[in-house]
Amino acid sequence: MSTFKFPVINPLLHSELRLKIMVALDSLESADFMYLCQITDCTRGNLSAQMTILKDAGYLEVNKSGLGRFSRTVCRITRKGHDALHTYEEGLRRLFEQRVPDKDMGTAEKVR
């Protein structure tokens, strides 16, 4: 029986748009919704939906101010989000660096 295990990769962050949002906010103190929309090259609806997922997970803090056409939404990453992003990054790094031991492959053939 094999004891080999790949690292766990956070499926919440494994979405391209959610990952872009998190990386952007991790490098900024905060960001305006429209700026995030511009740099991620997505629609407002898609950005809003993905930000809601991240907010519900506790990874983002979203603050709205103003009314109607003059409203402004500002987002920032939380400590939990920062930690999750860096754990995800480390998991990917380990995944690419890790090698499957030949003996754990059972009857599978090693391909090169």
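Here are some notes:
- Burial ranking of peptide ranges 76-88, 14-26 (average Cβ count within 10 Å, highest at the top): 14-26, 76-88
- Residue-count net charge about Arg18 - beta-carbon cut-off 13 Å; Lys, Arg +1, Asp, Glu -1: -1
- Rounded to whole numbers, the Karplus 3J(HN,Hα) couplings from phi for region 37-53 are 4, 5, 6, 8, 6, 9, 6, 4, x, 5, 4, 4, 5, 6, 5, 4, 4 Hz, using 6.51 cos²θ - 1.76 cosθ + 1.60 with θ = phi - 60°, and x at Gly and Pro.
- Pairs of lysines in the chain whose Cα atoms sit within less than 22 Å of one another amount to 8, provided the residues are eight or more positions apart or on different chains.
- Separation of the Ser30 and Glu90 label points, Cα + 7 Å toward Cβ, nm: 2.9 nm
- Listed values for region 25-33 are Karplus-derived 3J(HN,Hα) couplings in whole Hz (6.51 cos²θ - 1.76 cosθ + 1.60, θ = phi - 60°), namely 6, 5, 8, 10, 5, 7, 8, 6, 3, and x replaces Gly and Pro.
- When only the Cβ of Lys, Arg, Asp and Glu is charged (+1, +1, -1, -1), the dipole of the chain relative to its Cα centre reaches about 180 debye.
- To put it simply, the accessible area of region 2-112 at a 1.4 Å probe is 53 percent carbon and sulfur.
- As a size descriptor, the averaged projected area of the C-alpha convex hull of the chain was calculated at 9.6 nm².
- Hz values of 3J(HN,Hα) by residue in region 76-92 - Karplus curve (6.51, -1.76, 1.60), Gly and Pro given as x: 8, 7, 8, 4, 4, x, 4, 5, 5, 5, 6, 5, 4, 4, 5, x, 5
The values are calculated or read from the model by the stated rules, or taken from the named source; none is laboratory data. Note that the coordinates shown come from a computational prediction; the quantities given were computed from them, not determined experimentally. Note that we place each Cβ from the backbone using ideal geometry, even for glycine, and neighbour counts take in every protein chain shown. Remember, those area values only see protein heavy atoms, side chains included, never the ligands or the DNA or RNA. Shrake-Rupley method; radii C 1.70, N 1.55, O 1.52, S 1.80 Å.
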